[in-house]
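The structure appears below as structure tokens.
The values are calculated or read from the model by the stated rules, or taken from the named source; none is laboratory data. Predicted model only: the values in this text are computed from it and were never measured. Here the Cβ positions follow ideal geometry from the backbone for every residue, glycine too, while neighbour counts run over all protein chains shown.
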Amino acid sequence: MGYAVSLSLAMAALWLVLSGHYDSTLLLSIGAGASVFSVFLAWRLHILDEETSPYHKVWRLFLYWPWLWWEVIKTNITIVRTILSPDMVLTPRMVRVKELPRTDMARIIFANSITLTPGTVSVDLDDDEIIVHAVLKEMTNKNDFAAMGARCAKAWGEKGSLS
Amino acid sequence: MIFFASIMLMASMTLMLIRLLRGPELYDRVLAVNSFGTKTVLFLCVFAFLIGRPDAVDIAILYALMNFISTIAILKFFRYRALDIALSRMNRNRGAGS
Amino acid sequence: MSDGFITPLDIFTVIDLIFMAMLVVVGIAIVRLRDLFAVVMLSGVYSLVSAAWFVSLDAVDVAFTEAAVGAGISTVLMLGAMLLTARKAEPVLPARHWVALMIAVVTGAALLYATVDMPAFGDPLSAPNAYVGLEYLKQAGPDTEIANVVSAVLASYRGFDTFGETTVIFAAGLGIILILGMGGMVQEPKTNKAKEAPKSVLENTTHSAHHMVLRVVSKLLIPVIVVYGFYVHFHGDYGPGGGFQAGLIIASAIILYALIFGVNAAKEAVPPGLLRFGAALGVLIYGGTGIVGIMLGGNYLNYNVLNAGHPTHGQHLGVMLVEIGVLVTVTSVMLIIFYGFTARQPDISDKDW
Amino acid sequence: MSELLHYLEIARHILASLSLLGGGFFVVAGAIGVLRMPDFYTRVHAAGVTDTLGAVLVLFGLILLSGFTLLSAKLALVGVFLLLTSPTATHAVTNAAHIAGLKPRLGTYRTAPPPEEDNTKGPIA
């Protein structure tokens, strides 16, 4: 039930952002109807769970984002420098990252964070490892991955946090 | 500045088109299509400002969503030679909210 | 541009020309390539470029439709159609090449000759800008109080035409059902396909069969796409959008679900019977709105009589009902086509793949 | 007071221009990278430059230009969708390539093909 409520609130907020017509009662009620319908459809499709409706946990992700973006900016500059240098020196590597967060959701945040930082792409996400392709060998440092994984776990609220 | 940004985006769309035509792997093409889509989305946003029609941003949102679907469809089709099978298991704690 | 002084090469013309050049390049590539996968991808790019071009030509509604059709649905449906054929196109005999080239050259020359007589771009005296179009632009505001003239024209002035189009879509759905069938549940797809899958897939033991990342992101997106579809539908009065685009968008949300969780799961949630019903229901809503108009003493599809005291409110109500009809039919038919294509077992020999 | 607002306004426009230009730069650099990089797996990284910093800078510049309006909210929405879908699509593409057995070039090289023995070791070092 909680998922349904938070999903419909999020969808109603989405409608308000999209619509921009707050004076029309008709459109507002249609918006309410649309968000309820989307929740109904999600229920019908059996996808009404914390993965579809993680909106009650989003605030913790906001704490993770600034750090992630700092990483993204740093790696972006490195990659662009490599791309624009006259002779591109590449040292591609494939590595297995074994230290993963426990929950699926945190793992997915971890995998997407790896992909989001240019220079590393998560190639495969398995039950016990992520295979990562890195374009420069400096980017395959085990400790860096471990640090990021720990932050992802924290961002999803693992280890002694609420939820 | 908006003008320069739109020119830059068009230039990068052209570059992406070259990669799309050259391939060589199918995956290179998929990557190029996806990246082309991202650039089109950005171009539509910038262009909405250039011509003063905020409606174009709606189209950009639509593209950002649709591009994903077609990329997934292409990959799935290439990988499994079919569209009907499941790519993923349902989550274990399904239907928790009802 | 509005000050009346249009230089022959202003920035917008340049952008238009670049887009047209891209379209030509993509078009030639589509003709040249034999690999049908690449062709499908290129046609996706073709629609991306043409939509951007439509925006630059100030045809936002058309761009919206192109975005909804070309980027999502048509790619998926073309892939579905490819399932029933081979992956590579047969090389065409050189003799037939020449015939085709001749036809293309003659047609092209005729078209080029015809463009000479066409009015200049934006000519105020040309036929589309002078007669009925001008009348629509002038009258749409007071008649219907609908801000987006395109919606007013499509649903009100040209209500008959749009009804015809909706019926055509319905008929297309019927045709697909008759030819391909709706298909029951696909039988044991996993075991079948795993055996057929290329050998390299099975060799690699490290891959995980279930895509967690795809699953989670798609689940996040599905409700968002649905709400966005409704937004597009109900703001067709104010900006670009309407029942047709919204139907495509909502259908693609279900198609995304089917791509990730399998068509069988989608069929359980959105059963084919419901879709057959919906496809007919949409046409019925559209036609029924017209019948109600007759019963209230007006003409067929005259919405003014729907609200006797306030004709423009009647127009609003009528347009809304009619658009709902379009939405229901389009969503159902698109899913019918998708189910129809995916229900077929692919019978491609390994040689052709 | 109004003078301060005036300067803020100027600063906003300068920042927006810088952000737009920077975004354009990263987008073009990413595209050049996709053309220049030697194999599929390395091209993915170049495409990532466009998808992340390029896209975000362009959208941020536009948001600054439009100020505190509904349009900026929609632009932010575009950004959220792009950041959600593009790494996922990238992951899906590389995953498909990896599963289909496309071998990456590994080792150290300067835009020239790597020595032969590096390719024979299999995809994972």
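Within segment A:84-103, does at least one residue satisfy the condition of being assigned to a helix (DSSP H, G or I), in the same structural domain as residue A:139 (by TED's automatic domain parsing) and surrounded by fewer than 21 Cβ atoms within 10 Å (Cβ to Cβ)? Break it down stepwise before answering.
As a first pass, look at segment A:84-103 and keep what is assigned to a helix (DSSP H, G or I): A:84.
Among the residues that remain, those that are also in the same structural domain as residue A:139 (by TED's automatic domain parsing) are: A:84.
If we keep only those that are surrounded by fewer than 21 Cβ atoms within 10 Å (Cβ to Cβ) too, we end up with A:84.
Checked segment A:84-103: at least one residue is assigned to a helix (DSSP H, G or I), in the same structural domain as residue A:139 (by TED's automatic domain parsing) and surrounded by fewer than 21 Cβ atoms within 10 Å (Cβ to Cβ).
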Considering segment B:61-72 alone, what residues qualify as being in contact with a Gly (Cβ under 7 Å, 6 or more places away or on another chain) and either more than 7 Å from chain C (Cβ to nearest Cβ) or closer than 10 Å to residue C:225 by Cβ (or both)?
-> B:66, B:69
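Per-residue answers, yes or no, for (1) within 21 Å of residue A:132 (Cα to Cα); (2) surrounded by fewer than 21 Cβ atoms within 10 Å (Cβ to Cβ); (3) among the small types (Gly, Ala, Ser); (4) not assigned by TED's automatic domain parsing to the domain that holds residue A:138:
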| site | (1), (2), (3), (4) |
| --- | --- |
| A:11 | no, no, no, yes |
| A:16 | no, yes, no, yes |
| A:112 | yes, no, no, no |
| A:115 | yes, no, no, no |
Within segment C:251-298, considering residues that are of a type in the set (Phe, Trp, Tyr) and away from chain B (no Cβ under 14 Å), the one surrounded by the most Cβ atoms within 10 Å (Cβ to Cβ) = C:286
Within segment C:23-61, tally of residues that are of a type outside the set (A, V, I, L, M), within 28 Å of residue C:101 (Cβ to Cβ) and free of Cβ contacts under 8 Å to residues at least 40 places away in the same chain = 8
Residue A:121 passes all but one of the listed conditions (1) touching a residue at least 40 places away in the same chain (Cβ under 8 Å); (2) surrounded by 23 or more Cβ atoms within 10 Å (Cβ to Cβ); the exception is number (1)
Which of the residues spanning segment B:22-60 are more than 17 Å from the chain's Cα centre (by Cα), more than 8 Å from chain D (Cβ to nearest Cβ) and surrounded by fewer than 24 Cβ atoms within 10 Å (Cβ to Cβ)?
-> B:22, B:23, B:24, B:50, B:51, B:52, B:53, B:55
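Would you check if residue D:75 is buried (at least 24 other Cβ atoms within 10 Å of the Cβ), without any contact (Cβ under 8 Å) to a residue 24 or more places away in the chain and facing another protein chain (nearest Cβ under 7 Å)? Steps first, answer last, please.
Numbers: buried (at least 24 other Cβ atoms within 10 Å of the Cβ): yes; without any contact (Cβ under 8 Å) to a residue 24 or more places away in the chain: yes; facing another protein chain (nearest Cβ under 7 Å): yes.
Yes.
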Starting from segment D:31-45, take each residue that is more than 8 Å from chain B (Cβ to nearest Cβ) and list its partners that are small (Gly, Ala, Ser) and not in a helix (DSSP H, G or I), counting only C-beta distances under 9 angstrom and pairs at least six apart or across chains.
-> D:38/D:112; D:45/A:119; D:45/A:134
List, please: which pairs have Cβ atoms under 7 Å, are six or more places apart or on different chains, and start with a residue in segment B:22-38 that is among the acidic types (Asp, Glu) and end with one that is assigned to a loop (DSSP other than H, G, I, E, B)?
-> B:25/D:102
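Applying the selection to segment C:153-178, what residues are of a type in the set (D, E, K, R) and part of a helix (DSSP H, G or I)? Before you say what the answer is, go through the steps one by one.
The initial filter retains those residues of segment C:153-178 that are of a type in the set (D, E, K, R), namely C:158, C:161, C:165.
Answer for segment C:153-178, where residues must be of a type in the set (D, E, K, R) and part of a helix (DSSP H, G or I): C:161, C:165.
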Just give me the residues in segment A:104-118 being of a type in the set (S, T, N, Q) and touching a residue at least 24 places away in the same chain (Cβ under 8 Å), in sequence order.
-> A:113, A:117
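Can you name the residue in segment A:133-144 that is farther than 22 Å from residue D:55 by Cα and crowded, with 22+ Cβ neighbours inside 10 Å and, of all such residues, is modelled with the lowest pLDDT? Quick ask: steps written out before the conclusion?
Quick first cut of segment A:133-144, residues farther than 22 Å from residue D:55 by Cα only: A:133, A:136-144.
Pick out the ones that are also crowded, with 22+ Cβ neighbours inside 10 Å and you get A:133, A:139.
On the way: A:133: 88, A:139: 79.
Selected residue: A:139.
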